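Structure, as structure tokens:
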Amino acid sequence: MRITRHKRQILLFLVAILVPAGVLLGLMGRIVYQDRELAAKRAVDQRHAAVDQVRRELSSRLEAIKLQEINRLMRSPNSGMARRSENSAVIFTARLENDRLVLPWDAATQPDSPVSKEFAQHRQEGEAQEFVKKDYAAAAVAYRMALASARSPLESGEARLLLARTLSKTSNTEEASRQYRVLLNDSGEARDEQGVGFRFYAAERLLNLRSEPDVVLAFLSKEVNGDGQLAPPELYMVRTLLDSFPIAQTAQLRQRLSGRIAQIEQAEALARDFPRVRAQVESGAAASPVWVPYGGEPWLITITSPQPPLPGLVLAVSSSKVAPPGVKLRTHVSEGDALGEAFPGMRVEWSDNRLLQTAGQGVPIGIWLAVLALVLGVAVFGGYLLLRDVNRDVRMTEVRSQFVASVSHELKTPLTAIRMFAETLAMGRTRDEQTKCEYLETIVGESERLARLVDNVLDFSKIEQGKKIYRLRPTRLEEVAGSAVRAMQFPLAQQGFRLHFSVEEEMPELEADSDAIEQAILNLLTNAMKYSGDAREIDLRLEARNGDAVIEVADHGLGISPDEQKHVFEKFYRAPSHESRLIAGTGLGLTLVAHIAKAHGGRVEVESALGSGSTFSILIPIKANT
Ligand code: ADP
């Protein structure tokens, strides 16, 4: 019965906790799922917005660059083309001629422009003197005249180069070097039929003369870092010339140069590939200008329509330089976000990952779990408190009903005896005077037991209501104990008990409520009788010990187990185990003893072992009382 109720309670408890917890868990799962979905959606939206932003930024930057380039070329169509743009993002701006891409350095080469007649004559004369007659001085004179008659940078460059060469043959190295230096600094854009400017030949010869390597290095550095559009043969020649210098001295320059060579090689590749690129540019939406990617770290290529005096232009811009910060532009990748029609085949790669990090965020799962754990914890704790309360109530109800049964039983026993003996006497059946006397004593003894029981119940109820009052007066304990012994004499004798009452000689007087103390001693003596089993000896001792007056009641009966000793002073408590179950009682006697002791500033102690009896001691401090 008890176990089933216990099981039912646990089941109810679990259901009360588990069902809401399950529902809560489900709801939380749903919220977490929705939260994640929302966060993912937000991330996608954010990404789209970011791509839009990149597209807008990129378009406006590119358009600005395009305008800047057109303006630059409008101002100086020819020399502008031969110079590199001041904007480092621009790789080159080239002409579109008859559907062909004319790279800037190709445009600057004019190998087939004819020389003047006079110049040609002097040059021929000089060459005859130099190579046939080996008369270098005369050759030098002829070349000087050629130089004087030169009418184009091409002619003057060539004449000066020839002059310097013959001068070095006449061992006039100084003058030769001077001429080369003039060429280094002032040879214009003129290139020979190989597409190489005269200044580069001058540098080569100066190096051969070994007269001024520093000047040559300064020249090479200026060319590599400068804004002139060098033709491929020129760059290759610079590379060869740089080989004459120690690597450590020219590492940076070489690196720059390789960059430029890679650029022109890619530009040459683009020129070959141009029809395809052009088709791609033109296939785009007419409304917005299209920028087609080309190459590994792609260039962005676009074509502008002719705007007289400018022809159609092809503009190549470095994507890495023009891309907004935190963004890389890529072609041959499957991941990344497409940039749209204006940039066919281009994707955005987020180099700082800031957008990817926001994806799928939302409230972290740890927080949800913590909230769940908290809610569950509170629910379980609340459930536990409720269960404890309910259990206590149930136990109290049980105890009370048991108490009522016990009290009724306890009342009934003396009442039955009183009635029986009174009736017998009333009927006058007993003639023997001694028997009559015994009957009357029994009636008186049972009435006293009844009175004690009622006193106990009434006192307990007063204590519960907080109305119990103790009247302390100077009291001699031996008198109180003596009165209790006298009250118990008849019942003790009736049941064959021997009471050993001993008092230490000098017991001090105490401030005490003598009725209450007597009641406590009576309760202890009654218990000693009830729980004595077959033993028939009881001791009542009064003594002063360690500043306390001690009232000790000892029996040699059933004894109390250590576990039960902890509870015997609790209200309504009755030891569940041994024979005491069979002995009538209310569970109030010791509660009252403990209360009385406490009211006198003292305490009750019990010493007991199962089977060898118990000793209860009421200890009342003497000093506090006197
Ligand atoms: P009761 O009316 O049951 O005697 P008490 O409060 O006087 O109530 O005692 C509480 C319980 O303590 C008893 O039910 C009994 O089990 C145990 N008890 C009290 N006195 C003794 C004793 N002298 N020997 C053994 N057990 C005792």
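The values are calculated or read from the model by the stated rules, or taken from the named source; none is laboratory data. As the structure is a prediction and not an experimental result, all values here were calculated from the model. Quick reminder, even Gly has a Cβ in these numbers, built from the backbone with ideal geometry, and neighbours come from all protein chains shown. Heads up: the accessible areas ignore ligands, DNA and RNA and are worked out on the full protein's heavy atoms, side chains in. Shrake-Rupley method; radii C 1.70, N 1.55, O 1.52, S 1.80 Å.
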*With every protein chain in place, segment 448-542: carbon and sulfur % of accessible area (1.4 Å)*: 47
*Please work out how much accessible surface D45 shows to a 1.4 Å probe, ignoring ligands, DNA and RNA, in Å² rounded to 10.*
80
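Could you work out the relative contact order of segment 470-625, using alpha carbon pairs under 8 angstrom and six or more residues apart, expressed as a whole percent?
24
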*Considering only I620, H122, Y384, whose Cα is most displaced toward the positive end of the charge dipole of the chain, charges sitting on Cβ of Lys, Arg (+1) and Asp, Glu (-1)?*
H122
*Quick one: if you take sqrt(5λ) for each eigenvalue of the C-alpha gyration tensor of segment 423-514, what semi-axes come out, biggest first, whole angstrom?*
33, 21, 10
*Return the distance in nm (one decimal) between the two label points of a simple spin-label model at H409 and K7, each offset 7 Å from Cα along Cα→Cβ.*
2.9
_Shape call, segment 470-625: gyration tensor on alpha carbons, a/c limit 1.5_ = prolate
*Quick one: with all protein chains in place, what share of the accessible area of segment 109-203 is carbon or sulfur, to the nearest percent (1.4 Å probe)?*
49
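Helix-only mean residue ellipticity at 222 nm, the chain, DSSP H runs n ≥ 4 weighted -39,500 (n - 2.57), per residue, nearest 500. What is it?
On the way: 20 runs with 366 residues, N = 626.
Estimated from H runs of four or more residues: -20000 deg cm²/dmol.
Which value results for Rg/Rh of segment 371-421 when Rg is the Cα radius of gyration and Rh the Kirkwood radius based on the inverse mean 1/r?
Numbers: Rg = 21.9 Å, Rh = 14.3 Å.
Here Rg/Rh amounts to 1.54.
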*Rounded, prolate or oblate: pick one for segment 3-59, where a ≥ b ≥ c are the square roots of the eigenvalues of its C-alpha gyration tensor, a/c under 1.5 means rounded, and failing that, prolate if a/b is larger than b/c, else oblate.*
prolate
*Angle between the Cα long axis of helix 232-242 and the longest principal axis of the chain, 0 to 90 degrees, nearest 10?*
80
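Give, rounded to the nearest 20 debye, the magnitude of the charge dipole that segment 470-625 has about its Cα centre when Lys and Arg contribute +1 at Cβ and Asp and Glu contribute -1 at Cβ. Write out the running numbers ahead of the final one.
Values: 16 positive and 23 negative charges, 104 e Å.
Dipole of segment 470-625, to the nearest 20 debye: 500 debye.
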_Other-chain or far-sequence residues with amide H under 5 Å of A512's (modelled H)_ = R473, T475
*asked:* Tell me the accessible surface of R160 in square angstrom (1.4 angstrom probe, heavy atoms of protein chains only), to the nearest ten.
replied: 60
*Once fully extended, how much extra length lies between E570 and T430, figured as 0.36 nm per residue of separation less the alpha-carbon to alpha-carbon distance?*
45.8 nm
*Fully extended, how many nm does the chain gain between L386 and C437 (0.36 nm per residue separation, minus their Cα-Cα distance)?*
12.4 nm
_Karplus (6.51, -1.76, 1.60) ³J(HN,Hα), θ = phi - 60°, over segment 403-408, in Hz, Gly and Pro reported as x_ = 4, 4, 4, 5, 4, 4
_Given an 8 Å cut-off on Cα distances and at least 6 residues of separation, report the relative contact order of segment 389-475 as a percent._
28
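What is the projected area of the convex hull of the Cα atoms of segment 478-565, averaged over all directions, in nm²?
Working: hull surface 25.6 nm².
It is 6.4 nm².
Could you provide, to the nearest whole Å², the per residue accessible area of segment 470-625 with probe 1.4 Å? Provide the component values of the computation, followed by the final result.
Values: 7250 Å² over 156 residues.
Heavy-atom accessible area per residue stands at 46 Å².
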*Straight-distance crosslink candidates among lysines, where the alpha carbon sits under 18 Å from K321 and sequence neighbours closer than 8 are dropped*: K66
_Heavy atoms only, 1.4 Å probe, whole protein assembly: order E433, E478, E552, E125 by accessible area, highest first._
E433, E125, E478, E552
*asked:* For D52, what accessible surface area do you get with a 1.4 Å probe? Give it in Å², rounded to 10.
replied: 60
*Taking K117 as the anchor, which lysines have their alpha carbon closer than 26 Å to its alpha carbon, excluding any fewer than eight residues away along the same chain?*
K133, K134
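How about segment 418-502: which chymotrypsin sites (Phe, Trp or Tyr not before Pro) there are in a DSSP loop, with at most 16 other Cβ atoms within 10 Å of their Cβ?
Numbers: sites: F421, Y439, F460, Y470, F497, F501; in loops: Y470, F497.
Filter output for segment 418-502: Y470.
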_Cα lying deepest toward the dipole's positive end in the chain, options G157, V568, I17, charges on Cβ_ = G157
*Show K7, K169, K468 ordered by accessible area, largest first, where the area counts protein heavy atoms only and the probe is 1.4 Å.*
K7, K169, K468
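Determine the order of W350, W368 by accessible area, beginning with the largest, at a probe radius of 1.4 Å. Can you show the working numbers first?
Values: W350 20, W368 50 Å².
Heavy-atom accessible area, descending, gives W368, W350.
Remind me, relative contact order of the chain in percent, using alpha carbon pairs under 8 angstrom and six or more residues apart?
10 percent.
Given a 1.4 angstrom probe, what's the average accessible area per residue across segment 1-137, in square angstrom? Present the calculation step by step, with values, prior to reporting the outcome.
Details: 8920 Å² over 137 residues.
With the other protein chains kept in place, segment 1-137 gives 65 Å² per residue.
Multiply the residue separation of F131 and R151 by 0.36 nm, subtract the distance between their alpha-carbon atoms, and state the gained length in nm to one decimal. Walk me through the numbers on the way to the answer.
Details: separation 20, 0.36 × 20 = 7.20 nm, distance 2.50 nm.
Result for the pair: 4.7 nm of gain on full extension.
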*Angle between the Cα long axis of helix 274-283 and the longest principal axis of the chain, 0 to 90 degrees, nearest 10?*
60
_Zone residues, segment 183-225, relative to Q252, backbone N less than 14 Å from point 7 Å out along Cα-to-Cβ_ = 218, 221-222, 224-225
*Over segment 59-99, one equal point on each Cα, no solvent: what is log10 I(q)/I(0) by the Debye formula at q = 0.27 Å⁻¹?*
-1.00
*Fraction of the pair-distance distribution of the chain above 39 Å, Cα-Cα pairs, percent*: 65
_Between helix 136-149 and the chain, what is the angle of the helix's C-alpha long axis to the longest principal axis, kept within 0 to 90° and rounded to the nearest 10?_
80
